[in-house]
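Here's the structure we're looking at; comments come further down.
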Amino acid sequence: MIMRNRTRAGFLLVASAVALLSGCGEEPDQAQETNGFPQAAADYFADMDGGVELNEEETKGRNTWVIWTAGNDAYWDYVSRYSFGSTDLLKTLDSRYRDRRFNYYGLINEPGFKQATGPDEFGLWLDEPDGTQDPFYAAAAYEEMFPREQFVQVYGRASGIVGLRLFPNPAFDDEARKRWDAQRYYNDPKYYRDPDLVRPYRVGMSCGFCHVGPHPTSPPADPEKPQWKNLSTNIGSQYFWTNRIFTFDQKEDSFIYQLLSTSVPGALDTSFFATDNINNP
């Protein structure tokens, strides 16, 4: 039974990127919205890629690439529950790692955020905004032609890691709130491995999560503190520690650990679906 459960969890991990590309994590109401989703036209990332000037359509494309998750927050929430808590992007967002996030995970800290000084209202350690351009926080500077509430519904809010977006969990009702215990969520395997556990947030993943990386001609002086001008939208976030990003409590005798460790630590092949040089059967 343990091996079947681990194998099932491993399969979910392998399927995750497929879900990202296909949008299969969308719920019916979300799919209807995002099939004709409002495209964000404000140029939030003008400093990226050397400040190349983009026309309106190109800007919309760049925004979609960096912040649109295609509704896959529903899928990643499913993975967090049915991988028995071993994969949980909400834990990957733990702000207590921000000062060493690139070094430990190979992930890109989002400009305009800082390490949390304490847990949020749900007891979760999430990065705090510090002058970000993200419209969720910069309401006074909102420039889109559609309501801010719709932006948040479609794009979520910035999480502090480039490519990961936070959405309120629609299943986090009064009953779930009563059951929620942040201390146990971080520390008690019996609690966080329960597939019935409802988390306050769902985390969506945009294409930029795997593709935004340090710009080769203007890299950040401190990789833990990049500015948008230090990042490229498409060079590839090549420094992933896949086994650390997608699991946090698995040991070397775990199938999940071994599966994810086949991806070389500190290296990401963003074309591995096309070439499959990692796990080609």
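Below, the figures for the structure above:
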{"item": "Highest to lowest packing among 149-160, 110-121, 241-252, scored as the average C-beta count within 10 Å", "result": "149-160, 241-252, 110-121"}
{"item": "Counted charge near K225, where neighbours are those whose Cβ lies closer than 13 Å (Asp, Glu -1; Lys, Arg +1)", "result": "-1"}
{"item": "Surface per residue (accessible, 1.4 Å probe) for region 215-281, Å²", "result": "58"}
{"item": "Interchain or long-range residues, amide H under 5 Å from W241's placed H", "result": "G106, G266"}
{"item": "13 Å beta-carbon shell around W180, net charge (K/R +1, D/E -1)", "result": "-4"}
{"item": "Relative contact order (%) - criterion: Cα under 8 Å, at least six apart; region: region 216-281", "result": "29"}
{"item": "Region 171-281 - percent of accessible surface contributed by carbon and sulfur, probe 1.4 Å", "result": "51"}
{"item": "For peptides 89-99, 202-212, 45-55, sequence by mean Cβ density within 10 Å, most packed first", "result": "202-212, 89-99, 45-55"}
{"item": "Kirkwood-type radius of region 177-276, with distances r between different C-alpha atoms, in Å", "result": "16.3"}
{"item": "Sequence-distant residues sharing a close amide H with I161 (under 5 Å, placed H)", "result": "E110"}
{"item": "For E128, net neighbour charge (Lys/Arg +1, Asp/Glu -1) across residues whose Cβ lies under 10 Å away", "result": "-1"}
{"item": "Anisotropy class of region 116-262 from Cα gyration tensor, a/c 1.5 cut", "result": "oblate"}
{"item": "Modelled FRET efficiency - R0 35 Å, A221 with R179, Cβ distances, 0.05 increments", "result": "0.20"}
{"item": "Computed FRET value (nearest 0.05) for Q150 with E58, which takes r as the C-beta separation and R₀ as 22 Å", "result": "0.50"}
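The values are calculated or read from the model by the stated rules, or taken from the named source; none is laboratory data. As the structure is a computational prediction, the values presented were derived from the model and not from experiment. Every residue, glycine as well, gets a Cβ built from its backbone with ideal geometry; the counts of neighbours run over all protein chains shown. Note: areas computed on protein heavy atoms with side chains; ligands, DNA, RNA excluded. Shrake-Rupley method; radii C 1.70, N 1.55, O 1.52, S 1.80 Å.
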